[in-house]
Ligand SMILES: Cc1cc2nc3c(=O)[nH]c(=O)nc-3n(C[C@H](O)[C@H](O)[C@H](O)COP(=O)(O)O)c2cc1C
């Protein structure tokens, strides 16, 4: 191992009475992968064990309910509400201890934000919430009554009953052998509902003044101390700022920290936000690294117990710096550990470039999993939630694999197939690998996508995958390959309307093209320039290309219109991103983000299509009621996309063992593409066939003859 570049990151720290080997903390992450009764299973163990193997010093397991009956934050969260759950929890604790990590379980009651049950949700008050980005989103709406769903204020008896359940839950965590327990007082969940001046308008002893709003959590702390003894360390996670008008801001959070320390709390885990404001709560791509560090920094000045900061921490250099500067005692990583559980080992070994940095897309871990009641996944790490990708078996026989198209699906297929021992050749039409990911690189606020592009390109180089640039192979050239994977992505639709060939018309790919001539990833000469765009622009489409073009051009000060045939724009988008984007489109900015995003608000024209593009830029639109209107613009950007699968048909006719993956198969998103690529990379094995569903399969039993 090389010399330790990060002496602060890799120095021990004491929490309560135990020592943590380094300053890297996995902040609680509900992976919603437990059994239906909240018990631990192998998937939960594997997730946490990999992070412990990966060198993380302190692992706080995600939200675990103290009372399944009244609230689960996600349908398959962990539970700590029955003694029969203790043996499973003990196995979980042991699996982390085996690899040197200290640990904790976060106890959380979701209150109004429960994903389950669906009716009669308990809260500090009966305040109705509009929280479409929460995993409990379908049960808490502004129109809750109309939908027959309700939130009600807890009675004082119920509050005391639940305090007892929190304490019993903590006792089970202690019995299971965990080093500590954490209380979830952040993000608008039940404890936060009591703590927040925005939510808690009770006028009894549990609401109103600061000390009354803190009573619920403080009573829980006392009940745990009584049940588990004064030496069992208790941490509290809460938001340094809630980022909502009337919510708790930093000065009160400092006051809370002092109070918690006085009451014997052993560590503070400072988060951000409340779910009404999903931006700071879940930080989509727009949020820069460490944007929330200032809250821990301020709180740390007022207490002696360890303080953890979190939110968009990705780079070990940055983490080392804030530790060195004394802004925090520990760095808390959630999504980064999902994208790469081996972050700490890679940092310690000085192999920063090997870290698969989380791009904060929230697609795999949130939109397409917890929000829709599935086990957690990751857009860029296929091993999350799919253990087939951990330590997969090398192929018995080395095959020749052709990947046509060097975008995310093709590159992930190439990576996994090569790791399994196959010989892979990637044919790429352009002079650069990366495909559709690259379009985000030029969009302010979206360029974290470049991190993934660079990581996967680095892997392809490191693995020695052969790449043929500016190459579209003919069927004859592919005859020598055992399998052909068509990953040619999507193409922009060019409808046959009057004016489509005008100089004013370009595609979103033309606009989002990167300018840099001297890119290490563009080995060939002749990189095309991005398109020139006028001051007023109409974007026609409703997918990533349209949204990203609007953001890029909006940030450059252009006046932007978006035309979509749909009833609203970007209903497919991950909701935390959509919340921030919509605010930016309206002329504002996401909470916690600095400055104004665009000079002009972006105008969305829904339920409409383009009929004609006039010579002087008059674009004729028609809406769903067949009413026509005209917008005068300098540039029209085409951004509707469809599958680009012409090569697949050609190869299939030629009798090749071929399949299509990624957008070429169905236009989706990065997670869809990477998952497709990973799956086929794992499938390719001796004895390949095309099955009756037109998919490549292997390993049919020998008696099956086709
Ligand atoms: C899938 C997922 C599950 C989460 N579960 C929890 C949880 O159980 N408890 C909690 O306090 N925060 C939870 N969070 C929030 C994270 O701990 C963290 O504060 C947030 O993702 C921002 O930090 P990051 O950039 O390191 O991910 C969750 C976040 C995600 C994406």
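Filter the stretch 189-200 down to residues that are away from the ligand (no atom under 11 Å from the Cβ) and part of a loop (DSSP other than H, G, I, E, B) and give me whichever is nearest to residue 245 (Cα to Cα). Full working, then the answer.
In the first step, residues of the stretch 189-200 are kept if they are away from the ligand (no atom under 11 Å from the Cβ); the result is 190, 193-200.
Applying the additional criterion that residues be part of a loop (DSSP other than H, G, I, E, B) yields 196-200.
Details: 196: 11, 197: 10, 198: 7, 199: 11, 200: 13 Å.
Checking each candidate, the answer is 198.
One line per residue, one yes/no per condition, for (1) in the same structural domain as residue 545 (by TED's automatic domain parsing); (2) part of a helix (DSSP H, G or I); (3) without any contact (Cβ under 8 Å) to a residue 40 or more places away in the chain; (4) over 20 Å from residue 668 (Cα atoms):
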| position | (1), (2), (3), (4) |
| --- | --- |
| 565 | yes, no, no, no |
| 569 | yes, no, yes, no |
| 588 | yes, no, yes, yes |
| 595 | yes, no, yes, yes |
| 599 | yes, no, no, yes |
| 609 | yes, no, no, yes |
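Which ranges mark the helices (runs of 4 or more DSSP H) fully within the stretch 320-425 that have 1 or more residues being touching a residue at least 40 places away in the same chain (Cβ under 8 Å) and within 16 Å of the ligand (Cβ to nearest atom)?
Working: elements: 335-339, 343-348, 408-419.
Output list reads 335-339, 343-348.
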Going through the stretch 288-307 one residue at a time, which ones are within 16 Å of the ligand (Cβ to nearest atom) and out of contact with any helix residue (DSSP H, G or I) (no Cβ under 7 Å at 6 or more places or on another chain)?
-> 288, 291, 292, 294, 296
Name the residues in the stretch 292-319 that are under 26 Å from residue 255 (Cβ atoms), touching a strand residue (DSSP E or B) at 6+ places or on another chain (Cβ under 7 Å) and not in a loop (DSSP other than H, G, I, E, B), would you?
-> 293, 295, 296, 299, 300, 307, 308, 309, 310
Is it true that some residue in the stretch 243-258 is under 19 Å from the mean Cα position of the chain (by Cα) and at pLDDT 95 or above?
-> no
Right, residue 250: under 21 Å from residue 331 (Cα atoms), touching a helix residue (DSSP H, G or I) at 6+ places or on another chain (Cβ under 8 Å) and surrounded by fewer than 24 Cβ atoms within 10 Å (Cβ to Cβ) or not?
-> yes
Residue check: is residue 205 in a helix (DSSP H, G or I), more than 15 Å from the ligand (Cβ to nearest atom) and without any contact (Cβ under 8 Å) to a residue 60 or more places away in the chain?
-> no
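Rundown of residues vs (1) within 16 Å of the ligand (Cβ to nearest atom); (2) out of contact with any helix residue (DSSP H, G or I) (no Cβ under 8 Å at 6 or more places or on another chain); (3) over 30 Å from residue 325 (Cβ atoms), yes/no style:
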{"site": "24", "(1), (2), (3)": "yes, no, no"}
{"site": "35", "(1), (2), (3)": "no, yes, yes"}
{"site": "38", "(1), (2), (3)": "yes, no, yes"}
{"site": "45", "(1), (2), (3)": "no, no, yes"}
{"site": "57", "(1), (2), (3)": "yes, no, no"}
{"site": "66", "(1), (2), (3)": "yes, no, yes"}
{"site": "101", "(1), (2), (3)": "no, no, no"}
{"site": "106", "(1), (2), (3)": "yes, yes, no"}
{"site": "129", "(1), (2), (3)": "no, no, yes"}
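Go through 39, 11, 33 for me and flag whichever is surrounded by 23 or more Cβ atoms within 10 Å (Cβ to Cβ) and on the phi < 0 side of the Ramachandran plot. If you could, list the steps in order and put the result at the bottom.
On the way: 39 fails: surrounded by 23 or more Cβ atoms within 10 Å (Cβ to Cβ); 11 fails: surrounded by 23 or more Cβ atoms within 10 Å (Cβ to Cβ).
33 is the lone residue from the list that is surrounded by 23 or more Cβ atoms within 10 Å (Cβ to Cβ) and on the phi < 0 side of the Ramachandran plot.
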Taking the stretch 259-281 as the region of interest, how many residues are more than 10 Å from the ligand (Cβ to nearest atom) and either touching a residue at least 60 places away in the same chain (Cβ under 8 Å) or assigned to a loop (DSSP other than H, G, I, E, B) (or both)?
-> 11
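Going by what's in this entry, would residue 379 be described as touching a strand residue (DSSP E or B) at 6+ places or on another chain (Cβ under 8 Å) and more than 30 Å from residue 221 (Cα to Cα)?
Spelling it out, it is not the case that residue 379 is touching a strand residue (DSSP E or B) at 6+ places or on another chain (Cβ under 8 Å) and more than 30 Å from residue 221 (Cα to Cα).
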What tally of residues in the stretch 503-514 results from selecting those that are closer than 22 Å to residue 443 by Cβ and surrounded by fewer than 17 Cβ atoms within 10 Å (Cβ to Cβ)?
-> 0
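Here's the yes/no breakdown for (1) touching a strand residue (DSSP E or B) at 6+ places or on another chain (Cβ under 8 Å); (2) exposed (fewer than 11 other Cβ atoms within 10 Å of the Cβ); (3) at pLDDT below 95:
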| site | (1), (2), (3) |
| --- | --- |
| 478 | yes, no, no |
| 484 | yes, no, no |
| 491 | yes, no, no |
| 501 | no, yes, no |
| 525 | no, yes, yes |
| 529 | no, yes, yes |
| 537 | yes, no, no |
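So is residue 221 surrounded by fewer than 24 Cβ atoms within 10 Å (Cβ to Cβ) and touching a strand residue (DSSP E or B) at 6+ places or on another chain (Cβ under 7 Å) or not?
Working: surrounded by fewer than 24 Cβ atoms within 10 Å (Cβ to Cβ): yes; touching a strand residue (DSSP E or B) at 6+ places or on another chain (Cβ under 7 Å): yes.
Considered against the rule, which asks whether it is surrounded by fewer than 24 Cβ atoms within 10 Å (Cβ to Cβ) and touching a strand residue (DSSP E or B) at 6+ places or on another chain (Cβ under 7 Å), residue 221 comes out as yes.
Any residue that is within 19 Å of residue 672 (Cβ to Cβ), buried (at least 17 other Cβ atoms within 10 Å of the Cβ), modelled with pLDDT of 95 or more and more than 22 Å from the chain's Cα centre (by Cα) - is there at least one of those in the stretch 395-403? Reasoning before the result, please.
Filtering the stretch 395-403 down to residues within 19 Å of residue 672 (Cβ to Cβ) leaves 403.
Checking the rest, the ones that are also buried (at least 17 other Cβ atoms within 10 Å of the Cβ) come to 403.
Okay, now just the ones that are also modelled with pLDDT of 95 or more, so 403.
If we keep only those that are more than 22 Å from the chain's Cα centre (by Cα) too, we end up with 403.
For the stretch 395-403, residues within 19 Å of residue 672 (Cβ to Cβ), buried (at least 17 other Cβ atoms within 10 Å of the Cβ), modelled with pLDDT of 95 or more and more than 22 Å from the chain's Cα centre (by Cα): present.
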Just wondering, is there one or more residues in the stretch 183-196 that are out of contact with any helix residue (DSSP H, G or I) (no Cβ under 6 Å at 6 or more places or on another chain) and over 19 Å from residue 108 (Cα atoms)?
-> no
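The values are calculated or read from the model by the stated rules, or taken from the named source; none is laboratory data. Remember, it's a predicted structure, so these values are computed and weren't measured experimentally. Heads up, the Cβs are rebuilt from the backbone with ideal geometry, glycines too, and the neighbour counts pull from every protein chain shown.
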